[in-house]
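Enquirer: Dropping a structure here in structure tokens format, bear with me for questions.
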Amino acid sequence: MESPFKVDALKGKVALLTGGGSGIGFEISAQFGKHGAAVAIMGRRRHVLDDAVRSLKSLGIPAVGFEGDVRKREDAQRVVEATVKHFGKLDILVNAAAGNFLAAAEDLSSNGFRTVLDIDAVGTFTMCREALEYLKKGGHGRNSSGGGLILNISATLHYTAAWYQVHVSAAKAAVDALARNLALEWGTDYDIRVNGIAPGPIADTPGMSKLAPEEMTSGNSRDQMPLYRLGTKWDIAMAAVFLASDAGKYINGSVMPVDGGLWLSKPRHLAKEAVKELSRTVERRSRVAPTGTPSSKL
């Protein structure tokens, strides 16, 4: 699909994306590059990084891949420094690395719970902390044109509750709290904006295949979505381009749900066509007491 943004919306920017070699992370990497940014991607699997970098370069995007684990501070430090050495600076950090799987709380081990928290929450903080010195060089207090941007890929699972996702819900709640707190501190001190994007169900992603496999989804599951479709990786990437561009320069400390309004919804318990007739029936019933005495005389 054609982008609604100018092709130079991110011209001159350098972005580092964890989890940028596949899924949503790769689509954000590609769209950042198509809009003028140079892109560094970080991941644990060398072959995935190599394939992603080749794909990005085939689009004419300056790109480089660095192997590393966000759970390891030494990896985070090395990759941030390598990005700056390669491109000369760092303007944008996107934390898209994540761990998830389905597990009933009673069957989830402490180690499994901790692993997801380490990747999503601790890993996000570690990357932010290591990138700080470079991101803040773009800003010089309240009179500057702005410092860097941190963008966390979150979720909507913790807005209410989610079946078999207590570990991911806890991790993403921490990620959102992290974004708000860093937005307050680093926005004030360094003009660094910190925001999040909370995707809903996104088609053709590892998360969708793990968390909503075909065996779990009923034939009418999409009818429970306000916009009646799954999201796409492009939808999330466009939100990222918006937040990273000048159009989003006054947005700080926000987490943007990009899920078609799904987090607001509940499954219909009554067909829309039947609502009017049922309402009339209930209204007639309410006017008469159980014994047949008009309710006004009770």
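Rule-based calculations on the coordinates, nothing more; no lab input. Small disclaimer: the values here were computed from a predicted structure and weren't measured. As a convention, Cβ positions derive from the backbone with ideal geometry for all residues, glycine included, and neighbour counts pool all protein chains shown.
Enquirer: Expressed as cubic angstrom per residue, what is the convex hull volume of the alpha carbon set of the range 14-265?
Expert: About 124 Å³ per residue, rounded to a whole number.
Enquirer: Could you calculate the FRET efficiency of Asp246 with Thr115 from 1/(1 + (r/R0)^6), where r is the beta carbon distance between them and R0 is 41 Å, rounded to 0.05?
Expert: Efficiency computed from Cβ-Cβ geometry: 0.60.
Enquirer: Any chance you could run the full-extension gain for Arg129 through Ala203? It's 0.36 nm times the residue separation minus the Cα-Cα distance, nm to one decimal.
Expert: 23.4 nm
Enquirer: Rank these for me by crowding, Ile92, Ile119, going from fewest to most other beta carbons within 10 Å.
Expert: Ordered from fewest to most neighbouring Cβ atoms within 10 Å, Ile92, Ile119 come out as Ile119, Ile92.
Enquirer: Also, I was wondering about something else. Among Tyr134, Tyr250, Tyr164, which comes first, second and so on when ranked by fewest other beta-carbon atoms within 10 Å? Please list the in-between numbers first.
Expert: Details: Tyr134 19, Tyr250 8, Tyr164 16.
Placing the least packed residue first, the sequence is Tyr250, Tyr164, Tyr134.
Enquirer: Just want the ordering: Val168, Val14, from fewest to most Cβ atoms lying within 10 Å of their own Cβ.
Expert: Numbers: Val168 25, Val14 22.
With the fewest neighbours first, Val168, Val14 line up as Val14, Val168.
Enquirer: While we're here: For the pair Arg285/Arg78, report the inter-label distance in nm, with labels modelled 7 Å from Cα in the Cβ direction.
Expert: Result for the modelled spin labels: 6.8 nm.
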